[in-house]
Amino acid sequence: MNPRVAVLVFPGTNSEDETVRALRAVRLDAELVHWSQPEALHGFEAFVLPGGFAYEDRIRAGAVAAHDALMDRVIDAAQDGKFVLGICNGAQILAEAGLVPGTGPLRRPTAAFAPNASGHYQSQHVFVRLAVAPERVPILGGIEPGEVIPAWASHGDGRLAAPAHELARIAAAHLAFVYCDRAGRPVDAHNGSALNCAGLVNADGNVLAIMPHPERDAWTFQHLDADPHAVRAGAAEALAPSGGIAFFECFARAVLAEAVI
Amino acid sequence: MIRTFAVTLTIPDNEAFTAYETLARLGIPVARVTRADVWQFEVDASERGLERTVASIETIHNPNKHRLTERDVHGPAPGEIWIAPLDDAPATTVAGRTLPGVRAVRRRTAWRLLDDTGRDVAPEHLDHAVETFLCNPAFQVALR
């Protein structure tokens with residue numbers, strides 16, 4: 001029996017199926033839990049908030065979902081030490097809920113994934129590099145120092161914004177991932193994100209918010225350099241997990257190590 | 001000189017209704033929420049025809065669902081709160097268009113919270129709504 005992981009679905013979430021697929025590929029028993037069934041959010045070892053546009057990004061990206069009844073249980077679980085991962089819109093929700101960077105009261109955000117500097121939605125392939133020591137992110141068990149993860153950035157609101165004193169605290173302890181090139185060298189964030197931030201982690205390292213989507217570059221056919229002929233032919237190697245799946249393998253190692261099954 | 005326009009929906013405002021539902025969940029005694037997009041233009045004194053230009057830009061005003069009103073006062077009305085970007089850097093274009101005679105453009109969201117008698121909620125409730133939901137101080141500021 002594999003650990004159960006809840007994948008939360010709010011109205012407007014759109015990446016739940018890819019996220020479930022990636023989690024199941026790394027031996028986690030991922031299940032969708034919809035906003036209308038908060039009572040179903042019991043017995044899970046970990047929680048994943050996938051990408052999309054929860055509540056159409058009304059008021060602000062992530063702001064409405066952060067106050068949803070479903071999040072009451074996720075916040076409780078995070079405070080109990082359960083692993084909580086937010087991807088893209090999920091990352092925005094975690095920031096609005098105050099779970100990352102987690103330097104203020106709950107639901108009183110001290111940072112935000114704010115509108116991109118360009119003022120519009122951007123979609124592009126990126127690489128992100130672990131910017132903290134691996135022991136700071138127990139949610140990613142066994143991740144290597146400085147590990148580079150390929151992903152697709154796909155957001156209109158991914159620019160880390162915070163007051164200067166808060167940015168200093170983030171830089172010191174909460175900056176989980178930064179944008180980089182394939183070799184791990186820093187590159188300027190496409191969205192103008194402060195500190196080149198692509199991801200934030202809380203103080204205990206059990207809540208992680210990452211803006212780009214590793215689940216959208218988790219199979220060989222999704223890579224930028226995928227062989228289109230092999231993809232069309234349905235070759236086994238083209239359908240194999242690779243690239244961003246490493247991110248989920250680390251997450252699964254952490255969940256499996258903590259799971260009470 | 002500054003000219004200020006408010007754009008409201010003539011059809012049901014889903015965003016305002018979502019805000020109402022969340023504010024009610026937060027325990028704020030609100031019966032109705034209204035919202036307007038506020039556009040402020042820094043213009044040359046000689047500028048003419050701005051209203052017609054603004055009305056023709058669908059990013060701002062779609063006549064099938066919006067009402068465009070020019071305001072004489074260039075700040076929040078009593079009982080109203082404006083949410084603006086903290087850096088407040090003005091744009092020089094709208095939807096990729098440079099507007100003749102316009103030097104800078106700023107956009108805000110105006111919120112008004114009404115109780116079940118149709119009056120503005122008490123200031124402490126408005127403050128609570130701003131602090132807990134309407135404004136993220138990491139990148140926004142509430143103007144009163």
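The values are calculated or read from the model by the stated rules, or taken from the named source; none is laboratory data. Source: prediction; values computed, not measured. Backbone-built Cβ (ideal geometry, glycine too); neighbour counts: all protein chains shown.
Name the residue that is nearest to A:ASN191 (Cα to Cα), counting only residues in region A:98-156 that are away from chain B (no Cβ under 14 Å) and of a type in the set (S, T, N, Q).
Per the criteria, the residue is A:GLN122.
Of everything in region A:26-56, what is in a helix (DSSP H, G or I) and within 17 Å of the chain's Cα centre (by Cα)? Give them in sequence order. Explain how you work it out, then say what you get.
Our first condition is that a residue be in a helix (DSSP H, G or I); within region A:26-56, this holds for A:38-40, A:54-56.
Across region A:26-56, the qualifying residue is only A:ALA54.
Please indicate, with yes or no, whether at least one residue in region A:83-93 is surrounded by fewer than 17 Cβ atoms within 10 Å (Cβ to Cβ), in contact (Cβ under 8 Å) with a residue 12 or more places away in the chain, within 18 Å of the chain's Cα centre (by Cα) and closer than 22 Å to A:VAL137 by Cα. Give the steps one after another, and end with the answer.
Going residue by residue through region A:83-93, those that are surrounded by fewer than 17 Cβ atoms within 10 Å (Cβ to Cβ) are none.
Scanning region A:83-93 turns up no residue that is surrounded by fewer than 17 Cβ atoms within 10 Å (Cβ to Cβ), in contact (Cβ under 8 Å) with a residue 12 or more places away in the chain, within 18 Å of the chain's Cα centre (by Cα) and closer than 22 Å to A:VAL137 by Cα.
Is it the case, given these coordinates, that B:ALA110 is assigned to a strand (DSSP E or B), touching a residue at least 60 places away in the same chain (Cβ under 8 Å), in contact with an Asp or Glu (Cβ under 8 Å, 6 or more places away or on another chain) and farther than 21 Å from A:ASP57 by Cβ? Spell out how you get there, then give the answer.
Numbers: assigned to a strand (DSSP E or B): yes; touching a residue at least 60 places away in the same chain (Cβ under 8 Å): yes; in contact with an Asp or Glu (Cβ under 8 Å, 6 or more places away or on another chain): yes; farther than 21 Å from A:ASP57 by Cβ: no.
When the stated conditions are applied, B:ALA110 does not pass them.
Scanning region B:1-26 for residues that are within 19 Å of the chain's Cα centre (by Cα), assigned to a helix (DSSP H, G or I) and among the small types (Gly, Ala, Ser), which turns out surrounded by the fewest Cβ atoms within 10 Å (Cβ to Cβ)?
B:ALA16
Hey, B:PRO29 hits all of (1) within 17 Å of the chain's Cα centre (by Cα); (2) modelled with pLDDT of 95 or more; (3) in a loop (DSSP other than H, G, I, E, B); (4) not polar (S, T, N, Q) but one; which does it fall short on?
Of everything listed in (1) within 17 Å of the chain's Cα centre (by Cα); (2) modelled with pLDDT of 95 or more; (3) in a loop (DSSP other than H, G, I, E, B); (4) not polar (S, T, N, Q), B:PRO29 misses just condition (1).
When you go through (1) over 23 Å from B:ALA129 (Cβ atoms); (2) within 14 Å of another protein chain (Cβ to nearest Cβ); (3) touching a helix residue (DSSP H, G or I) at 6+ places or on another chain (Cβ under 8 Å); (4) of a type outside the set (Gly, Ala, Ser) one by one for B:PHE41, which number turns out not to apply?
The single condition B:PHE41 does not satisfy is (2).
Which of the residues spanning region B:21-38 are more than 16 Å from B:ASP120 (Cβ to Cβ) and either at the interface with another protein chain (Cβ under 9 Å from one of its Cβ atoms) or of a type in the set (Ser, Thr, Tyr) (or both)?
Across region B:21-38, the qualifying residues are B:GLU21, B:THR22, B:ARG25, B:LEU26.
Would you pick out the residues in region A:194-209 that are in contact (Cβ under 8 Å) with a residue 60 or more places away in the chain and touching a Phe, Trp or Tyr at 6+ places or on another chain (Cβ under 6 Å)? Give the steps one after another, and end with the answer.
Quick first cut of region A:194-209, residues in contact (Cβ under 8 Å) with a residue 60 or more places away in the chain only: A:198-209.
Listed by number, the residues that qualify are A:ALA198, A:GLY199, A:ASN206.
I need a count of the residues in region A:157-183 that are small (Gly, Ala, Ser), within 14 Å of chain B (Cβ to nearest Cβ) and either touching a residue at least 12 places away in the same chain (Cβ under 8 Å) or part of a strand (DSSP E or B) (or both).
3
Tell me, which residue of region B:70-86 that is acidic (Asp, Glu) and closer than 15 Å to B:GLN40 by Cα is surrounded by the fewest Cβ atoms within 10 Å (Cβ to Cβ)?
Per the stated criteria, the residue is B:ASP72.
Within the group B:ARG48, B:ARG103, which residue is surrounded by fewer than 17 Cβ atoms within 10 Å (Cβ to Cβ), modelled with pLDDT under 95 and assigned to a strand (DSSP E or B)?
On the way: B:ARG48 fails: assigned to a strand (DSSP E or B).
After applying the criteria, what remains is B:ARG103.
In region A:115-122, is there at least one residue being surrounded by fewer than 19 Cβ atoms within 10 Å (Cβ to Cβ), assigned to a helix (DSSP H, G or I) and out of contact with any strand residue (DSSP E or B) (no Cβ under 8 Å at 6 or more places or on another chain)? Full working, then the answer.
Step one: list which residues in region A:115-122 are surrounded by fewer than 19 Cβ atoms within 10 Å (Cβ to Cβ), which gives A:117-122.
Now narrow it down to the ones that are assigned to a helix (DSSP H, G or I): none.
No, region A:115-122 has no match at all.
Looking at region B:122-141, which of the residues that are among the hydrophobic types (A, V, I, L, M, F, W, C) and either at pLDDT below 95 or buried (at least 21 other Cβ atoms within 10 Å of the Cβ) (or both) is farthest from A:VAL100 (Cα to Cα)? Give the steps one after another, and end with the answer.
Of the residues in region B:122-141, the ones among the hydrophobic types (A, V, I, L, M, F, W, C) are B:122, B:126, B:129-130, B:133-135, B:138-139, B:141.
In the following step, the residues that additionally are either at pLDDT below 95 or buried (at least 21 other Cβ atoms within 10 Å of the Cβ) (or both) were identified as B:126, B:129, B:133-135, B:138-139.
Working: B:LEU126: 26, B:ALA129: 21, B:PHE133: 17, B:LEU134: 19, B:CYS135: 17, B:ALA138: 13, B:PHE139: 15 Å.
Residue satisfying both the conditions and the ranking: B:LEU126.
Answer yes or no as to whether B:LEU134 is within 11 Å of chain A (Cβ to nearest Cβ) and either touching a helix residue (DSSP H, G or I) at 6+ places or on another chain (Cβ under 6 Å) or under 15 Å from B:THR22 (Cβ atoms) (or both).
Details: within 11 Å of chain A (Cβ to nearest Cβ): yes; either touching a helix residue (DSSP H, G or I) at 6+ places or on another chain (Cβ under 6 Å) or under 15 Å from B:THR22 (Cβ atoms) (or both): yes.
It is true that B:LEU134 is within 11 Å of chain A (Cβ to nearest Cβ) and either touching a helix residue (DSSP H, G or I) at 6+ places or on another chain (Cβ under 6 Å) or under 15 Å from B:THR22 (Cβ atoms) (or both).
Regarding B:ALA89, is this residue within 11 Å of chain A (Cβ to nearest Cβ), surrounded by fewer than 16 Cβ atoms within 10 Å (Cβ to Cβ) and assigned to a loop (DSSP other than H, G, I, E, B)?
Details: within 11 Å of chain A (Cβ to nearest Cβ): yes; surrounded by fewer than 16 Cβ atoms within 10 Å (Cβ to Cβ): yes; assigned to a loop (DSSP other than H, G, I, E, B): yes.
For B:ALA89, the condition - within 11 Å of chain A (Cβ to nearest Cβ), surrounded by fewer than 16 Cβ atoms within 10 Å (Cβ to Cβ) and assigned to a loop (DSSP other than H, G, I, E, B) - is met.
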